[in-house]
Amino acid sequence: MSTNGAVIAIDHLQVEYRSRELGQETKVAVRDLSLNVQPGQVFGFLGPNGAGKTTTMNVLLGFVNPSAGSASIFGVDVRQPIARQRIGYLPELTYYYKFLTAEELLRFYAKIFKIPKAETEKRIDSILKLVELEHARKRQIKTYSKGMQQRAGLAQALINDPDLLILDEPTSGLDPLGRMKVRDIIKRLKSEGKTVFFSSHELGEVETICDRVAILHQGELKIEGSVQDLIKQHNTRLEAIFLKLVGYEEAA
């Protein structure tokens, strides 16, 4: 498989672990996964719960070691810490100190990345404008709505000016307005040349903003391709393709 210029290159990745519930039986979370994500793409990583999406992301982030195969980011093996210097990450479940304001949160993360103070303030201004939190920058995060908290999470993922964003269910639990705002932010990041790799259950949303998608089921890659090509090839919407691949049949 060619990985020329790929931002993310996953090659025959396998992740296994011992399951306590199954009497120490080995469970395969990701099976022989190969995937490339090219620069500037918005890539949707799809699948039902338990499909292996978060496990794969955890491998990319260095949280989980592969049992077999390999993965690299910008040509660097993900097991090397330097691979993560150009990444911004938003987990599905975010937790921030609720007594902090948005400004204070971003300054905290800027210190972790050792960003100079003058540069930090410039970035805070531009990022809060991007995520539409300028008006609430001095308010404590505990006063934010769920959508605002999610946008604050996106802001922290952007503080190091990453070339790659890895977002795990970025619109989870948001109302339609909140989802629309996150979708608009992803579009703006794409216009800036960022690469966005994200998982989502909102298939209509994925269809709108993604260049390419991959669908996993029970740890295996079922299909991968451009959204337009898949819709044309199957002559139906992405949601119908997804449901068919995961074996769901609608009631008559």
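The values are calculated or read from the model by the stated rules, or taken from the named source; none is laboratory data. This one's a predicted model, so the numbers in the text were calculated from it and none came from an experiment. Positions of Cβ are generated from backbone atoms using ideal geometry, with glycine treated the same way; all protein chains shown enter the neighbour counts. Heads up: the accessible areas ignore ligands, DNA and RNA and are worked out on the full protein's heavy atoms, side chains in. Shrake-Rupley method; radii C 1.70, N 1.55, O 1.52, S 1.80 Å.
Exactly one condition in (1) of a type in the set (Gly, Ala, Ser); (2) in contact with a strand residue (DSSP E or B) (Cβ under 6 Å, 6 or more places away or on another chain); (3) on the phi > 0 side of the Ramachandran plot; (4) without any contact (Cβ under 8 Å) to a residue 24 or more places away in the chain is not met by GLY69; state its number. So the condition that GLY69 fails would be (4).
Criterion applied to LEU106, LEU174 was being of a type outside the set (Gly, Ala, Ser), modelled with pLDDT under 90 and either farther than 20 Å from GLU239 by Cβ or touching a Gly at 6+ places or on another chain (Cβ under 6 Å) (or both), and the one residue passing it is LEU174. Which condition from (1) in contact (Cβ under 8 Å) with a residue 40 or more places away in the chain; (2) part of a helix (DSSP H, G or I) is the one that LYS129 breaks? With respect to (1) in contact (Cβ under 8 Å) with a residue 40 or more places away in the chain; (2) part of a helix (DSSP H, G or I), LYS129 is out only on (1). Would it be correct to say that GLN140 is at pLDDT 90 or above and open to solvent by 40 Å² or more (accessible area, probe 1.4 Å)? Judged against the criteria, GLN140 is a match. Please verify whether GLU119 is loosely packed, with under 12 Cβ neighbours inside 10 Å and either in a helix (DSSP H, G or I) or among the small types (Gly, Ala, Ser) (or both), treating the condition exactly as stated. It is true that GLU119 is loosely packed, with under 12 Cβ neighbours inside 10 Å and either in a helix (DSSP H, G or I) or among the small types (Gly, Ala, Ser) (or both). For segment 56-94, residues that are closer than 19 Å to LEU165 by Cβ, open to solvent by 40 Å² or more (accessible area, probe 1.4 Å) and of a type in the set (Ser, Thr, Tyr) total 2. Taken over segment 211-252, the criterion of being aromatic (Phe, Trp, Tyr) and either touching a His at 6+ places or on another chain (Cβ under 8 Å) or farther than 22 Å from ASP32 by Cβ (or both) is satisfied by TYR248 alone.
Beta carbons closer than 9 Å, at least 6 apart along the sequence or on distinct chains, never pair a first residue in segment 186-198 that is at positive phi and of a type in the set (Gly, Ala, Ser) with a second that is surrounded by fewer than 21 Cβ atoms within 10 Å (Cβ to Cβ) and at pLDDT below 90. When you scan segment 50-66, do you find a residue that is small (Gly, Ala, Ser), more than 15 Å from PRO170 (Cα to Cα), under 14 Å from the mean Cα position of the chain (by Cα) and modelled with pLDDT of 90 or more, even just one? Yes, segment 50-66 contains a residue that is small (Gly, Ala, Ser), more than 15 Å from PRO170 (Cα to Cα), under 14 Å from the mean Cα position of the chain (by Cα) and modelled with pLDDT of 90 or more. Taking segment 141-252 and the helices (runs of 4 or more DSSP H) fully enclosed by it, the elements with 1 or more residues that are more than 14 Å from the chain's Cα centre (by Cα), of a type in the set (Gly, Ala, Ser) and closer than 25 Å to ALA9 by Cα are at 176-191. Among residues of segment 165-193 being more than 19 Å from THR94 (Cα to Cα) and of a type in the set (A, V, I, L, M), the one that is least open to solvent (accessible area, probe 1.4 Å) is LEU189. Is it the case that some residue within segment 194-217 is surrounded by fewer than 16 Cβ atoms within 10 Å (Cβ to Cβ), modelled with pLDDT of 90 or more and not acidic (Asp, Glu)? For segment 194-217, residues surrounded by fewer than 16 Cβ atoms within 10 Å (Cβ to Cβ), modelled with pLDDT of 90 or more and not acidic (Asp, Glu): absent.
Taking (1) over 24 Å from ASN58 (Cα atoms); (2) surrounded by 15 or more Cβ atoms within 10 Å (Cβ to Cβ); (3) touching a residue at least 12 places away in the same chain (Cβ under 8 Å); (4) not hydroxyl-bearing (Ser, Thr, Tyr) in turn, LEU243 satisfies each apart from (3).
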